[in-house]
Each structure stands twice: as structure tokens, then as C-alpha cells.
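One structure is given here, and the rest of the page talks about it.
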């Protein structure tokens, strides 16, 4: 039976052939109501070996990584490297609307499952491929871990201290970003299919997806001919040679804030000085400073340090939660540097009932997960079930939907096809 969620994609089916480089794409489509069938090798997907594990017990059925990125999916096993497996996959393709995969470039072609072949089986299908560097170009056959993609995108070049080696974001992000882009791109192809009846091959390069996250790195070169470089906890080389502090220590951690010119910056600067004045912490030169004359393109390091010193001392009197709450009241552009515990306890997320408890009967417990990425009034997104166990829905799909007999399934199982 198809999934009961009748959301945005409630009448559509997705075949998810991704590994850990693409799990999130299928989960996003599943939250939107699609019937996402996760297809994995009979021995279990490679992502099941990624820790941490539930109660720190290494087990293919207890990977928290697997849990996190495969919610709402149904799961079947199938060895597509066998002839029988490819024939079964072809039958699944005939009844599918999307196919997402993250194999290395050319792998499906080598099995006789190129996009042209898949399109021949089902002309309306949208096939989305997620790879480190895309399906074409000089790097298409290169392997690419999160570290490699982060470096090749340029993000590591601007991350870290200037006198030390480049850094990547601590938790692997490259293929999560690629998966999110893949989901959005799949929906664009879906929109085109709805009007034309024609499926497409969506080619997602993780390198290019991370490149988009550089934010102002590219415009700074295009508009100002400035090459953005890593500056640790400072902003450097954007308007003048003066370094601006971006991360500030407080009682229990750090907050992000920086002195800025222009209308929005002036408002924040005046508000923070007023707050400091109320607490008796603003020196006379700061109270008298004319923020309307602040020109960051002409700012000297001496003046920048003089402005920042009393503000830094003021922040040390408060916790990051106190600074955040008061800044929100006063219209000050400041935010806390949060750890996982801070995010889980965030009052805004709690007020919106963001967190959801998902039942895990096989563990005799429930686990708290982040909620859906958007709230829609008429076609709500939902999280309705935990990630599938290995082959959990084999009977439902192979016998219930495709009419395989139990004896046929037994043979397929014994031969390692499912």
C-alpha cells in the first residue's frame, strides 16, 4: 500500500538508491508526503555502520545517523548487481515517479541502468544523481569525501585562523547541502513534468552546492575585487584593513556580533551603547561617539579596538542567553553560538512544538527528532515513522504490491537477490 500521508507529494513514489551521500534528499521528499522506498543491499546499507549508535551499541539497526536521515521511508532489500535484481528494479521503476541515487559516476551505466534506459522504461520519471563533482567535466570521475568537497568548494579556504591550516565544519555538511539542493532541484523537474509530461535527469554536484553557501565570498570578488580569506573569529579585509571582532566571549560561551556602519549598523550600535549606559558600563568616549560618521572603509585598527574593548568587557557580565534575550528586545543584531543542548532547549523551537517524538518499537522507546522543515496549512508536512529496519517492508511491497508468491520470495532470498 502507498503511504497514508497525503501531503504535497502524497500520490507520488520515490525510489531511494542513495547511500549516506544522499539520504536527506529522500527524507525531505518523504516529509512532503511521498512514498519513499529505500532500497538497500541485502547486507544493509553502508550508512548503517556510521555512528554514534543507540546506547553506544554498534549495530546495523542502531545507527543514529541512519535513524536521523531515513525517517518516514519504507525499506526493502535488493541486489541490483544481479540480473534478477535489475529486472525487479525495472518493475519498480515503471511504477515510480522519482529515482534518486548517489553512486559514483558511471556505476548505473555499467549495470545497464543509464538514464536513457530508465527513461525508456518510464518516460515520466525524474532521476536525480548526487555526486561529488557532477556527471560531466574533468572531475566527474574523482572521488570526494566531505573533506575533499569542502576544500574544493573554497569553503575551507575561508574557515579557520589565518596563521593555521584551513578548517572544515566539524560535522560533515557537504552532502547534506547537496541532498537539500537535490530535493529542491527534483521539485523543479517535477514541476516541469506536471506541465510537459516529460521526466528529466537532475545532475547535482556537491562541490557546486557548497560553493553556493559561501554567501558573500563570490560577490566580494565580483563587486570589490577582494579575495575573502580566513580570519578566525574576526571579519577582515572587507571594507578596510581593520579587523572586526565577530565572536565575543561571554559568561558561558560565545555570541556573534560586530560593529557595522550604515543605517542598520547605527541602530544596533546606539542601542548597545544605551544598554551599557544604563548598566554604568559605557565610557564617556563611547557615549559621545557619533555613529553617523562611522565609515568602515576608513576605519583604523586603533579606533576599532577602542570601540570593541568596552563592549567585550560588557558581554562578559552576561550569559549568552541573557545577551540574546535583551538584544532581541532592543533590536540589537546579536546571536548566541549554540551547541546541541542550546538548540534543543531553545524557547522559540519549543513554543512552535518543533521537536517530535518518534516511536521505536524495536527498541521499546521513543526518540526525539528535529521536526519538519516547514509548516503548511493545507498540506502539512509530517514525520510519521522511524527509519526502516533492513528489509522491513519486503513482504508489503514484493508480495502485497507486485504479486510475488512466498515461494518466489524465498528463492530470491536464498539466492541473495533480496
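Some values worked out for this structure:
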read-out: Sequence-separation-based contact order of segment 232-339, relative, with Cα cut under 8 Å and 6+ spacing, percent; value: 37
read-out: Taking 17, 64 and counting other C-beta atoms within 10 Å, the order from fewest to most; value: 64, 17
read-out: At R0 = 22 Å, FRET efficiency that the Cβ-Cβ distance of residue 196 and residue 378 yields, to 0.05; value: 0.30
read-out: Acute angle (nearest 10 degrees) that the helix 174-196 long axis makes with the longest principal axis of the chain, alpha-carbon atoms; value: 60
read-out: For the chain: relative contact order, % (alpha-carbon pairs under 8 angstrom, 6 or more apart); value: 19
read-out: Percent of Cα-Cα distances greater than 20 Å, calculated over segment 88-206; value: 49
read-out: Inter-part distance where segment 368-410 and segment 44-86 are each reduced to a Cα centre, Å; value: 14
read-out: Column: log10 I(q)/I(0), Debye, Cα scatterers of segment 43-152, q = 0.14, 0.18, 0.20, 0.23 Å⁻¹; value: -0.75, -1.12, -1.23, -1.29
read-out: Mean Cα-pair separation over length for segment 219-295, i.e. relative contact order, pairs under 8 Å, 6 or more apart, %; value: 16
read-out: Cα-Cα pairs of segment 232-339 separated by more than 22 Å (percent); value: 26
read-out: Sequence of 306, 168 once ranked by neighbouring C-beta atoms within 10 Å, starting from the fewest; value: 306, 168
read-out: Most fluctuating residue given options 378, 322, 198, as computed from a GNM of the chain linking Cα atoms under 10 Å; value: 378
read-out: Rg/Rh for the chain, where both radii come from Cα atoms and Rh is the Kirkwood radius; value: 1.05
read-out: Span from the segment 241-288 Cα centroid across to the segment 116-158 one, whole angstrom; value: 44
read-out: Cα gyration tensor category, rounded, prolate or oblate, for segment 320-418 with a/c compared to 1.5; value: prolate
read-out: Exposure proxy ranking, count of Cβ atoms within 10 Å, fewest first, for 111, 71, 228, 99; value: 111, 228, 71, 99
read-out: In Å, descending, principal axis extents of the Cα set of segment 36-96; value: 40, 23, 11
read-out: Rounded to 5, the percent of DSSP beta bridges in the chain classed as antiparallel; value: 40
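No value in this document is a laboratory result; all are computed from the given coordinates. Because the structure is a prediction, the values reported are computed rather than measured. Because the Cβ atoms are built from the backbone with ideal geometry, glycine has one as well, and the counts that use them run over all protein chains shown.
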